[in-house]
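Chemist: Below you'll find the structure I mean.
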Amino acid sequence: MSARLDLVPVLDLMDGQVVRARAGKRDDYRPLQSTLCDSSRPAAVLHGLLALYPFRRIYIADLDAILKRGHHGKVVEALQRSHPELEFWVDGGFSSAAAAQASQAAGRGRPVLGSESLTALPEGGAWPAQGVLSLDFRGDDFLGSDTFLQYPERWPAQVIVMTLARVGMEAGPDLARLVQLRQLNPACRFYAAGGVRHAGDLSTLAGAGAAGVLLASALHDGRLSRTELAGLHTAHPTSAAGGAKANVPAPDR
């Protein structure tokens, strides 16, 4: 049986709309135009994604929060009320584990803590329950404290490898970086983000050991069909309420 992936669509939120992300140049982001829907409203985009395929997880990048100019907390809460069957991973620009925990307690999804925003590794590797780490890169530059890469044993169970320069650019995924980071902590489940063009890239990522992948442009441009998604998607139940110790990944349940 061929390797499969956890396929996670992305909603990039800015000024109340879903925008098209390109190369991490946020000043150039514009409202999304998609083959899946006729609006850039978050609810409409999510509806279009779910009409394409019954995804179980959704990743939300709250770009206003990341840029420290507001947040989309109410939008996230509304999406969760409308779709209680979905698990939402939310990067809210958290500067600390405490801020991520507060957002989670407010019912704003499973927190994604980006190295770009975090001021330091959580004390003692104490991640929020089910917290996800995003290791953010722009080109060859790592966005965040060097300690994130120096202490991979402190990473939580799920780690996103975010290559911003490839986001929306149809450049292909950053396989070399994925392989490099997997070697630092093979126990983690790694999610690739940026550059996926077609089903062939998904197969390559699965073969390279990725547990999952974040998807946007290839879905909205119609380059991934329902049949192709079904052939590569791994089914997964909703995550449990509890969390694991930072250096002992919990089952993805």
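The values are calculated or read from the model by the stated rules, or taken from the named source; none is laboratory data. Computed from a predicted structure; not experimentally measured. Backbone-built Cβ (ideal geometry, glycine too); neighbour counts: all protein chains shown.
Chemist: Out of everything in the stretch 189-222 that is buried (at least 21 other Cβ atoms within 10 Å of the Cβ) and part of a strand (DSSP E or B), what residue ends up being modelled with the lowest pLDDT?
Modeler: 193
Chemist: Another question, if that's okay. So residue 182 fits all but one of (1) in a helix (DSSP H, G or I); (2) surrounded by fewer than 24 Cβ atoms within 10 Å (Cβ to Cβ); (3) out of contact with any Phe, Trp or Tyr (no Cβ under 8 Å at 6 or more places or on another chain); what number is the exception?
Modeler: (3)
Chemist: Next question, about the same structure. Taking the conditions exactly as written (out of contact with any Pro (no Cβ under 9 Å at 6 or more places or on another chain), within 16 Å of residue 132 (Cβ to Cβ) and assigned to a helix (DSSP H, G or I)), does residue 61 satisfy them or not?
Modeler: In short, no.
Chemist: Of the residues in the stretch 96-142, how many are at positive phi and crowded, with 16+ Cβ neighbours inside 10 Å?
Modeler: So the count comes out to 2.
Chemist: Provide a single number: the residues in the stretch 158-188 that are of a type in the set (A, V, I, L, M, F, W, C) and at pLDDT below 95.
Modeler: Qualifying residue count for the region: 8.
Chemist: From (1) in contact with a Gly (Cβ under 8 Å, 6 or more places away or on another chain); (2) outside any strand (DSSP E or B), pick out the condition that doesn't hold for residue 79.
Modeler: Tallying (1) in contact with a Gly (Cβ under 8 Å, 6 or more places away or on another chain); (2) outside any strand (DSSP E or B), residue 79 fails exactly one: (1).
Chemist: Quick one: residue 121 ticks every box in (1) within 17 Å of residue 16 (Cβ to Cβ); (2) in a loop (DSSP other than H, G, I, E, B) bar one, so which box is it?
Modeler: That leaves (1) as the condition not met.
Chemist: If you scan the stretch 45-95, which residues turn out to be at negative phi, small (Gly, Ala, Ser) and surrounded by fewer than 16 Cβ atoms within 10 Å (Cβ to Cβ)?
Modeler: If the condition is that a residue be at negative phi, small (Gly, Ala, Ser) and surrounded by fewer than 16 Cβ atoms within 10 Å (Cβ to Cβ), then 51, 78, 82, 95 are the ones that fit.
Chemist: Would you confirm whether or not the stretch 83-92 contains a residue that is outside any loop (DSSP other than H, G, I, E, B), free of Cβ contacts under 8 Å to residues at least 40 places away in the same chain and either closer than 24 Å to residue 205 by Cα or among the basic types (Lys, Arg) (or both)?
Modeler: Yes, that holds for at least one residue.
Chemist: Quickly run through the stretch 18-37 and pick out the residues that are modelled with pLDDT of 95 or more and surrounded by fewer than 19 Cβ atoms within 10 Å (Cβ to Cβ).
Modeler: 35, the sole residue that qualifies.
Chemist: Further question on the same structure: Has the stretch 187-194 got at least one residue that is touching a strand residue (DSSP E or B) at 6+ places or on another chain (Cβ under 6 Å), hydroxyl-bearing (Ser, Thr, Tyr) and farther than 20 Å from residue 4 by Cα?
Modeler: Scanning the stretch 187-194, I find no residue that is touching a strand residue (DSSP E or B) at 6+ places or on another chain (Cβ under 6 Å), hydroxyl-bearing (Ser, Thr, Tyr) and farther than 20 Å from residue 4 by Cα, so the answer is no.
Chemist: Being assigned to a strand (DSSP E or B) and either at pLDDT 95 or above or of a type in the set (Val, Ile, Thr) (or both), is that true of even one residue in the stretch 40-54?
Modeler: No: the stretch 40-54 contains no residue that is assigned to a strand (DSSP E or B) and either at pLDDT 95 or above or of a type in the set (Val, Ile, Thr) (or both).
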